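Asker: Provided herewith is a single structure, encoded as structure tokens, for subsequent inquiry.
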Amino acid sequence: MLILIDDADVAAIADVLSYLPADGVTTNPTILSRVGKNPVDVLCEIRELLPARAQLHVQLVSTTTDDMIAEAKALCAELGNDLYVKIPVTREGYAAIPRVTDLGFRVTATGIHSSMQGFMAAKAGAKYIAPYVNRMDNYGIDGVRVAADIHKMLRTHELDSDVLAASFKNSEQVLELVRAGIGAITAHPDVLAHLVGNPATDAAIADQNDDFAALVGGRYTWTDLLTRE
Ligand code: G3P
């Protein structure tokens, strides 16, 4: 299962990469707008920061199928053919997915708010299917259930696609989908931090280290004790 960072803030991405086994970065037009800099420069910076094997997903903003294809070509020429081209599941986007795939580019179908949208995007050739979990919840649809349902449909029909669940607001939503065995999730650095951070862990370790300091007469580490003259 892949863990991706849903952000374009280079410092925040570098921070996540410094402590979590993250597999890449996803962006969308809103995420790039929050950085407020030239988006091409920002994407190039992110590409440079990421390890070679890591994924980068960038969303098209064109609204006609032909323009989407031209945009996919231009983005891949700039950022590499291993880029994941995010295509919204509009009518024009569904038409673009097989054509972009036929060019040899990788596609992530995005903006998914129902199981059938996800299934059709996979059938059209998208490698990743990105259901918007929290946004569905906001519409009164169980986003976790839809994402898990798409995963099940992909496996039942032996489609070579994976769910890349997005739009999370809390770590519980992520946990449920890890349990369901989906292929990938993408989340903001704050949500990712809550997947591993726990104040009870910090308190337990601090207590143990206090006890050790009392034993050895100060905040000495094993290195201090073992290399002391
Ligand atoms: O990248 C797409 C998705 O994560 C959108 O998230 O927070 O705008 O619902 P959000």
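The values are calculated or read from the model by the stated rules, or taken from the named source; none is laboratory data. None of these values were measured; they are calculated from a predicted model. Glycine gets a Cβ as well: all are built from the backbone with ideal geometry, and neighbour counts include every protein chain shown. Calculation scope for accessible area: heavy atoms of the full protein, side chains included, ligands and nucleic acids excluded. Shrake-Rupley method; radii C 1.70, N 1.55, O 1.52, S 1.80 Å.
Asker: Closer than 24 Å to G197 by Cβ, of a type in the set (G, A, S) and modelled with pLDDT of 95 or more: does that describe S18?
Answerer: Yes; evaluated as a whole, the condition is true for this residue.
Asker: List pairs: first residue in the range 117-135 and over 21 Å from G104 (Cβ atoms) and among the hydroxyl-bearing types (S, T, Y), second residue surrounded by 21 or more Cβ atoms within 10 Å (Cβ to Cβ) and modelled with pLDDT of 95 or more anywhere in the structure, Cβ distance under 6 angstrom, at least six positions apart or on different chains.
Answerer: Y132/A166; Y132/S167
Asker: Still on this structure, I have one more. Out of the range 100-118, which residues are open to solvent by less than 10 Å² (accessible area, probe 1.4 Å) and polar (S, T, N, Q)?
Answerer: Within the range 100-118, T108, T110 meet the criteria.
Asker: OK, next. Do any helices (runs of 4 or more DSSP H) entirely within the range 18-82 hold 3 or more residues that are more than 16 Å from the ligand (Cβ to nearest atom) and either touching a residue at least 24 places away in the same chain (Cβ under 8 Å) or polar (S, T, N, Q) (or both), and if so, which?
Answerer: The qualifying helices (runs of 4 or more DSSP H) are 39-49, 65-79.
Asker: Please determine, by comparing only the residues of the range 4-30 that are of a type in the set (V, I, T) and buried (at least 19 other Cβ atoms within 10 Å of the Cβ), which one is nearest to K169 (Cα to Cα).
Answerer: If we take residues in the range 4-30 being of a type in the set (V, I, T) and buried (at least 19 other Cβ atoms within 10 Å of the Cβ), then I5 is nearest to K169 (Cα to Cα).
Asker: Residues in the range 159-178: is at least one modelled with pLDDT under 95 and of a type in the set (K, R)?
Answerer: Looking for residues that are modelled with pLDDT under 95 and of a type in the set (K, R), one finds at least one in the range 159-178, hence yes.
Asker: Moving to a separate point now. Is it true that V178 is surrounded by 11 or more Cβ atoms within 10 Å (Cβ to Cβ), touching a residue at least 40 places away in the same chain (Cβ under 8 Å), more than 16 Å from the ligand (Cβ to nearest atom) and at negative phi? Break it down stepwise before answering.
Answerer: Details: surrounded by 11 or more Cβ atoms within 10 Å (Cβ to Cβ): yes; touching a residue at least 40 places away in the same chain (Cβ under 8 Å): yes; more than 16 Å from the ligand (Cβ to nearest atom): yes; at negative phi: yes.
Against the criterion (surrounded by 11 or more Cβ atoms within 10 Å (Cβ to Cβ), touching a residue at least 40 places away in the same chain (Cβ under 8 Å), more than 16 Å from the ligand (Cβ to nearest atom) and at negative phi), V178 qualifies.
Asker: Which one is surrounded by the most Cβ atoms within 10 Å (Cβ to Cβ) among residues in the range 63-88 that are of a type in the set (S, T, Y) and more than 22 Å from the chain's Cα centre (by Cα)?
Answerer: T65
Asker: Name the single residue that is least open to solvent (accessible area, probe 1.4 Å) among those in the range 183-229 being more than 24 Å from A11 (Cα to Cα) and of a type in the set (V, I, T).
Answerer: Once the filter is applied, the top-ranked residue is V216.
Asker: In the range 128-149, how many residues are within 16 Å of the ligand (Cβ to nearest atom) and either of a type in the set (K, R) or more than 17 Å from the chain's Cα centre (by Cα) (or both)?
Answerer: Let us first name the residues in the range 128-149 that are within 16 Å of the ligand (Cβ to nearest atom), namely 128-144, 146-147.
Remaining after also requiring either of a type in the set (K, R) or more than 17 Å from the chain's Cα centre (by Cα) (or both): 135-142, 146.
So the answer is 9.
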